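For reference, the structure is listed below as structure tokens.
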Amino acid sequence: MTAFLQLDQVTKSFGAVTVADELTYGVEAGEALGVIGPNGAGKTSMFNLITGTLQPNSGKVHFNGQDVTSMNAAKRCRSGMARSFQVPQPFSGMTVFENAMVAATQAAGLSGHEAEKFCLEVLEQTELLDRANTLAGGLTLLGRKRLELTRALCARPKLLMLDEIAGGLTEAECASLVKTIKDIHASGVTIIWIEHVVHALLAVVDRLIVIDFGKKIAEGEPHAIMKSPEVQEIYLGIEADA
Ligand SMILES: Nc1ncnc2c1ncn2[C@@H]1O[C@H](COP(=O)(O)OP(=O)(O)OP(=O)(O)O)[C@@H](O)[C@H]1O
Ligand SMILES: [Mg+2]
């Protein structure tokens, strides 16, 4: 049985470094999956493998009923997947609205009034409407995170991949971003969220996977996974038998 997004035995190495080690899991349509794991575990590489900016050495990726393993990144994006970047990558010299328009026209294929109307709707959803005419380079950290989210949503994704979008925010900022992500999920968008800010993640996701050295080492109900000895030892640095 192939899920909405399905990774089968996906393996990728850079020389001696294995960033994906026979990674196998599925994400059902409408689900929110959380991903945790130590720095350098291969989490961002996994997004690169899903979105097609990285090719696996072996294994398959299926998305929305199609084998996308050899499909290029632009085509995968048009088929309904979008991601935010761990390090925000806006066009700093363009306004927030112009950044949204680039995604809506290039990734979602909209044009003219339809594109503008859609961007304004997304900016309202991501609470950036009052910053629409601000240069992206002049945004606060929360603003830049919200713009990452906006750019991804302007591609009109069925699957939204978030890469450490809550890092570096204050508690209040994080809570406001969590609310926005919850609303996006409630609107029917499938989410995979890589995050070190675990309490933010647990407020949204239905299921959690843990990646270490490119390998999936645990998968299941989020609170149970956080309490498991593997996670305590590998993620929190606590000896399992301590
Ligand atoms: N293009 C590349 N060439 C060589 N090595 C790479 C490349 N991309 C990633 N790596 C290495 O692969 C490993 C996994 O990197 P990745 O960015 O996927 O980790 P991560 O789990 O996202 O870490 P973090 O939590 O710090 O963001 C790291 O050791 C990284 O240096
Ligand atoms: Mg990363």
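Coordinate-derived values only; no laboratory data. Computed from a predicted model, the values in this text were never measured in an experiment. No Cβ is skipped: glycine too gets one built from the backbone with ideal geometry, and neighbour counts run over all protein chains shown.
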Gaussian network model of the chain, Cα within-10 Å springs - most flexible of Q55, Q125, Q232: Q232
Contact order normalised by residue count of region 151-226, Cα under 8 Å, 6+ apart, percent: 28 percent
task: Evaluate E = 1/(1 + (r/R0)^6) for K60 and S111, where r is the Cβ-Cβ distance and R0 equals 51 Å; express this FRET efficiency to the nearest 0.05.
output: 0.90
- prompt: Taking every pair of alpha-carbon atoms in the chain, what share in percent sits in each 5 Å bin, from 0 to the bin with the longest distance?
  reply: 1, 7, 14, 18, 19, 17, 12, 8, 3, 1, 0, 0, 0
- prompt: Working out 0.36 nm times the residue gap between A29 and N133, then minus their Cα-Cα distance, what length gain in nm do you get to one decimal?
  reply: 34.0 nm
query: Points 7 angstrom from Cα along the Cβ direction at E233 and K215: gap in nanometres?
result: 1.1 nm
- prompt: Percent relative contact order of region 88-156, based on C-alpha pairs within less than 8 angstrom and at least six residues apart?
  reply: 51 percent
- request: Check the chain and count each lysine pair with an alpha-carbon distance under 21 angstrom, considering only pairs eight or more places apart or from different chains.
  value: 23
- request: Evaluate the distance, in nm, between pseudo-label points positioned 7 Å from the Cα of M1 and of T53 along their respective Cα→Cβ axes.
  value: 3.3 nm
statement: Each label sits 7 Å from Cα toward the beta-carbon; between K179 and D206 the label points are separated, in nm, by 2.5 nm
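Based on Cβ point charges of +1 for Lys and Arg and -1 for Asp and Glu, what charge dipole magnitude is obtained for the chain about its Cα centre, in debye rounded to the nearest 20?
On the way: 21 positive and 28 negative charges, 155 e Å.
The dipole magnitude comes to about 740 debye.
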message: Which of the three applies to region 93-189, rounded, prolate or oblate, going by the alpha-carbon gyration tensor with a ≥ b ≥ c and a/c under 1.5 meaning rounded?
response: oblate
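Fewest Cβ neighbours within 10 Å first, please rank V122, V96 accordingly.
So the residues, fewest neighbours to most, are V122, V96.
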message: Give me H62, H223 sorted ascending by neighbouring Cβ count inside 10 Å, so fewest comes first.
response: H223, H62
- prompt: Along the charge dipole of the chain, Cβ charges K/R +1 and D/E -1, which of V122, V35, A20 sits furthest on the positive end?
  reply: V122
query: Given a cut-off of under 8 Å on Cα pairs at least six residues apart, what relative contact order in percent is computed for the chain?
result: 26 percent
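Full-extension gain between Q86 and H223, please, as 0.36 nm times their residue separation minus the C-alpha to C-alpha distance.
Values: separation 137, 0.36 × 137 = 49.32 nm, distance 2.45 nm.
Here the answer is 46.9 nm.
Ignoring everything except DSSP H segments at least 4 long, calculate the 222 nm mean residue ellipticity for the chain; use -39,500 (n - 2.57) per segment, divide by total residues, nearest 500.
Working: 9 runs with 86 residues, N = 242.
Rounded to the nearest 500, it is -10500 deg cm²/dmol.
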- request: Set the Förster radius R0 to 25 Å, insert the Cβ-Cβ distance between E171 and A16 as r into 1/(1 + (r/R0)^6), and round the FRET efficiency to 0.05.
  value: 0.05
